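Enquirer: Got a structure for you, written out below as structure tokens; questions coming shortly.
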Amino acid sequence: MTLATLHSVLIVALIVVGCFFLTVGTIGLLRFPNVYNRMHATSKPTTLGTAAIFFAAFVEFGPGNAGLTSLLGIFFLFLTVPTGAHMIARAAQRMGVPFMEGVTWPEPSDDDSEE
Amino acid sequence: MTEGADPAFVTLTVRAGLVVVAALCVLCAYRAIAGPTVPDRVVAIDAIVTNVVAIAVLFALLTGRSLFVTGALVLAIIGFITTVSVAKFVTEGEVIE
């Protein structure tokens, strides 16, 4: 197996992993019963899948121009997607979207004091 | 890499990935339309934006044009700003006070 073949096989494997995680996230978004559960389903597997596809782009384009942009994209996704999910969760809780049974939220006093 | 064209199975995989991720966008659009509450729709649109980022990167892999990776990064930034502004608008009624 030559080096070019290994390069191609690595790209194919990363794309397959990325598509798998994106599919898992979408199934969770469609099937889970609650906003908070759907947020759990979309934020983590979707981030992993897109990061795998970005990493395939890094393998393809090399550590030069576009590969560095791909690594920056992975870093940006891991930074922003949990932040956005956290903000949507707080917005849903303040709107009064009901929880499932047995789920509690931290006390609203320290939640209000940060704003 | 500065080598020539990729072998055929890489191109085939990238095309199949494009079809799969586009179908996932359509499936997320169901939740964005039929979601019972507003945060459901925001979560679904956020998932669609992440899928479109993946589509842009796959298109960069297919055509070999590295500009689409930069476009994917810009799409990710716009999606984050959209999510944060909608969350703030829903809770406080205004985005920038």
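The values are calculated or read from the model by the stated rules, or taken from the named source; none is laboratory data. It should be emphasised that the depicted structure is a prediction, and the values quoted were computed from it without experimental measurement. All Cβ positions, glycine included, derive from the backbone under ideal geometry; neighbour counts span all protein chains shown. Ligands, DNA and RNA are stripped out before the accessible areas are found, and what is left, the full protein with its side chains, is counted by its heavy atoms. Shrake-Rupley method; radii C 1.70, N 1.55, O 1.52, S 1.80 Å.
Enquirer: For chain B, set up a Gaussian network in which alpha carbons nearer than 10 Å are linked by springs, and say which option among B:47, B:34, B:87 fluctuates the most.
Expert: B:34
Enquirer: Which of these, B:23, B:76, B:56, has the largest mean-square fluctuation under a Gaussian network model of chain B (Cα springs below 10 Å)?
Expert: Judging by the Gaussian network model, the answer is B:23.
Enquirer: Also, quick follow-up: Find the relative contact order for chain B and round it to a whole percent, using C-alpha pairs within less than 8 Å whose residues are 6+ positions apart. Working shown, then result.
Expert: On the way: 70 pairs, mean separation 22.0, N = 97.
This gives 23 percent for chain B.
Enquirer: Taking the simple approach of a point 7 Å from Cα along Cα-to-Cβ for both residue B:92 and residue B:12, what is their distance in nm?
Expert: With each label point 7 Å from Cα toward Cβ, the separation is 5.4 nm.
Enquirer: OK, next. Taking the Cα centre of segment B:1-81 as the origin and placing charges on Cβ (Lys, Arg +1; Asp, Glu -1), which of B:70, B:38, B:25 is farthest toward the positive end of the dipole?
Expert: B:38
Enquirer: Let me ask another. Quick one: what are the phi-derived ³J(HN,Hα) couplings along segment B:26-36, Karplus 6.51/-1.76/1.60 with θ = phi - 60°, whole Hz, x for glycine and proline?
Expert: 5, 5, 5, 5, 4, 5, 5, 7, 9, x, x
Enquirer: Students sometimes get this wrong: rank B:9, B:89 by accessible area, probe 1.4 Å, all chains present, largest first. Walk me through the numbers before you get to the answer.
Expert: Values: B:9 90, B:89 115 Å².
Putting B:9, B:89 in descending order of accessible area: B:89, B:9.
Enquirer: When the helices in the protein assembly as shown are scored as -39500 (n - 2.57) per DSSP H run of 4 or longer and the sum is shared across all residues, what 222 nm value do you end up with, to the nearest 500 deg cm²/dmol? Mind dumping the intermediate values first?
Expert: On the way: 7 runs with 171 residues, N = 212.
The helix-only estimate for the protein assembly as shown comes to -28500 deg cm²/dmol at 222 nm.
Enquirer: Continuing with this model, one more query. Once label points are set 7 Å from the Cα along Cα→Cβ at both residue A:94 and residue B:63, what is their separation, rounded to one decimal in nm?
Expert: 4.1 nm
Enquirer: Ok, one more. Tell me the volume per residue, in Å³, of the convex hull enclosing the alpha carbons of chain B. Working shown, then result.
Expert: Values: hull volume 8.1 nm³, N = 97.
It is 83 Å³ per residue.
Enquirer: Using the Cβ atoms and a cut-off under 11 Å, what net charge is assigned to the surroundings of residue A:26, where Lys and Arg are +1 and Asp and Glu are -1?
Expert: Numbers: positive: A:31, A:38, B:31; negative: none.
That works out to +3.
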